[in-house]
1. Pick out which of A:ARG269, A:ARG337, A:ARG76 has the largest mean-square fluctuation in a Gaussian network model of chain A, springs linking Cα atoms closer than 10 Å.
2. At 7 Å along the Cα-to-beta-carbon direction for both B:GLU4 and B:ARG176, put a label point, then send me their distance in nm to one decimal.
3. Given label points at 7 Å from Cα along Cα→Cβ, what nm distances, shortest first, separate B:SER298 from the same residue in every other copy?
4. Which of the aspartates and glutamates could a cross-linker bridge to B:LYS373, judged by Cα under 15 Å and excluding same-chain residues fewer than eight apart?
5. Taking +1 at the Cβ of each Lys and Arg and -1 at the Cβ of each Asp and Glu, which of A:SER395, B:GLY339, B:PHE224 sits farthest along the dipole of the protein assembly as shown towards its positive end, judged by Cα position relative to the Cα centre?
6. With a ≥ b ≥ c taken as the square roots of the eigenvalues of the C-alpha gyration tensor of the protein assembly as shown, please select rounded if a/c is under 1.5 and otherwise prolate if a/b is larger than b/c or oblate if it is not?
7. Taking the Cα centre as origin and putting +1 on Lys and Arg beta-carbons and -1 on Asp and Glu beta-carbons, what dipole magnitude results for region A:288-404, to the nearest 20 debye?
8. Give me the percent relative contact order of chain A, please, defined on Cα pairs under 8 angstrom at least 6 residues apart.
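Quick note: the coordinates plus some simple rules give every number you see, no bench work behind them. This one's a predicted model, so the numbers in the text were calculated from it and none came from an experiment. Counting neighbours? That spans all protein chains shown, and the Cβs are built from the backbone with ideal geometry, glycine included.
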There are 2 protein chains.
Amino acid sequence: MSIEFIDNSPGLSDVPGFRVGASACDIRNKANGRLDLALVVADQPCAAAGVFTTNDVKAAPVRLCQRLLASGGSVRGIVGNSGNANACTSVQGDADAAETARLAAAALGAPSDVFLVCSTGRIGELLPMAKVAAGVAEAAGRLSRVSAEGRRAAEAILTSDTRPKTCTARFVQGGRTVTVSGIAKGAGMIEPNMATMLAFVCTDAEAAPAFLKEALRTASDDSFNCVSVDGDMSTNDTVLLLASGASGVKVGPEGNPAATALFREALGRVCFALAEKIVGDGEKITKVVSVEVEGARSRADAEKIARAIGNSLLVKSSWFGEDPNWGRLADAAGYARTGLDEAKLDIHYGDVPAVLAGRPLPENKPSWKEVVKAARFTVRIGLGLGDARFRLLASDLTDGYVNYNKSE
Amino acid sequence: MSIEFIDNSPGLSDVPGFRVGASACDIRNKANGRLDLALVVADQPCAAAGVFTTNDVKAAPVRLCQRLLASGGSVRGIVGNSGNANACTSVQGDADAAETARLAAAALGAPSDVFLVCSTGRIGELLPMAKVAAGVAEAAGRLSRVSAEGRRAAEAILTSDTRPKTCTARFVQGGRTVTVSGIAKGAGMIEPNMATMLAFVCTDAEAAPAFLKEALRTASDDSFNCVSVDGDMSTNDTVLLLASGASGVKVGPEGNPAATALFREALGRVCFALAEKIVGDGEKITKVVSVEVEGARSRADAEKIARAIGNSLLVKSSWFGEDPNWGRLADAAGYARTGLDEAKLDIHYGDVPAVLAGRPLPENKPSWKEVVKAARFTVRIGLGLGDARFRLLASDLTDGYVNYNKSE
């Protein structure tokens, strides 16, 4: 009755009812043989749901996915590419996204089937469609449930990531095994409500699109929406969830309640692990800091403060320098303007108090200086105003980030 | 009938009715002889107004100033120090700010007089009051209208600034000359609604506190509140305006309308010039970029987009790299979430269009690449939705900034 969790699994090839394939079609025009196109195909049309960027500027593939899922939520699979975001590409971008979906369906000999499309990479350039066509054909020819192909698919969607991001969760219900598996890419433009991050999650549970949508929204709020690398939200952020039903275990309002609870837990574990991997592999970061705000009047207030801290250039620079400058934390907490009371403010590094009820405790400095030397540590902000809390996983800001992003 | 503007003037010593003095009292405890305390004294109690940080966490001197000005707006002068912000210093901080004001009044032999206090520097440490007492006494002994002393006062309030920031505007009305002069410090934590920035503006116009407050608020909205270096708003931001009345020219509702209009113009010029100097001297910056958003439904929408762009790490890094990556501008404009219409979006670098009505114009890239090579340039975002606009002066983000702020 518990979840088995496999970190760094082969990814989507773990899930019965799906096959995956990847190809190198040189979308970056660098002739370096890098994998850049992934195809995920259900054995038959299946239920699907998505969560998308809330940016006013949405890439063409995001618009395509939103349109398709609004009209019912049954799809055949996903085509994902790296190297080009197909964003800010006007009407030609929409045509290219639609053509990519059509190519995938045609390659399977099922021209009426519906494919979701996801792109990530540079904004404002047209997709090289002849290359995409060749890539889709090659990936379709490789479709399988072989672990090596699952790993290739996880690699194909990466951009400035330094490593693939995969995991799998399984549970047994009534003698049947249910699998939830995901792959993701992150690195730059990571922030609120997702950034240039893509995550594809597949399961063999059986579920209606409406339940998948609600479950994915909940899991995303507690995972992808609680990480920040640079505060930039992208035009392409997408999390997709596809359910093949191949396990024969039904989840959701019409399913078994125990199975449904285990499914939610498995989905939550997979999404959180992928989100952690995204922030841990942020561009040129050296620290992952868990910013935990508690004692707030509302979760919204706690979130505002956590994001103000996690996105402050001065705070992030001081984390890079391992300088436990709590004054910058207090300053950022204050400019979130939630109405905090300085006389009730507690600040801890790990378990070491730096400020209690507004009073600095400089005598503890040697202890908290030790805390910030770790690659992962926690800062805790206590507001003393209520019971609400929010946790944000944030990274430091390094000279390496700036130099890496000087040009693209 | 026009304004004479003197850039890099001696500063507050230019204004009849005021004397200034500065001292080096080693608040930083570095024994380096650096000027760190400035005293501005009116010949007699005068009208005053202030605009302050909206951070929930306000430094003790900010609380003191707000309390004093709320109770009438007549003061004798200002004590300003650098090296210590007297922020997050609990009740002892309030006592120290009050004691600083008392010391200044006592040094003038007028113990009932009211002094405003401003501090800037590191957060969370107590002011070294014995040193402050010595510094106030020394500065009081030097009070004069000598230009060299004005320049010393402008220097004494600096922190990581690389140069003093001063200017003076004058106009003649009915044969009488009116002077408006200001000094400022900026550098780090510069953003919305002011950051660790201090600005002291003095005039010999005659005006009631209520008018000064309204005029200063208007001038600040169009100057100090339109610059951004790092998006961090400090606990100490303060702009003060003192009016000695020594010119005999009355401005405001009871004053001469022509003189009042000239006064507003002079005040606006002084505030804008100081704000420009602040962003131009941001920590380790190499570019000053004027982000001009137009065609918005409201000024608030235009401001949201300008700030999203001006505070985006990816945008700022690309400015540093002289990489005219307009995709990052579009992305940031979109995540301001004002409801922009991508199909109406125009983006210009200087006068060169990069995107018109949502269509990229890659053929213009050689021209816009030239634009971003300059130390100062403009990016213009046209929304095509209305008539409102907002202009933000922003800086780039450099590896130097990160390394400078790694520790303090």
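1. A:ARG337
2. It works out to 1.8 nm between the two label points.
3. Spelled out, the distances from B:SER298's label point are 1.8 nm.
4. Reachable aspartates and glutamates: B:GLU322, B:ASP323, B:ASP351, B:ASP396.
5. Value: A:SER395.
6. Values: a/c = 2.73, a/b = 1.91, b/c = 1.43.
Verdict is prolate for the protein assembly as shown.
7. 220
8. Working: 1091 pairs, mean separation 71.4, N = 408.
Computed value for chain A: 18 percent relative contact order.
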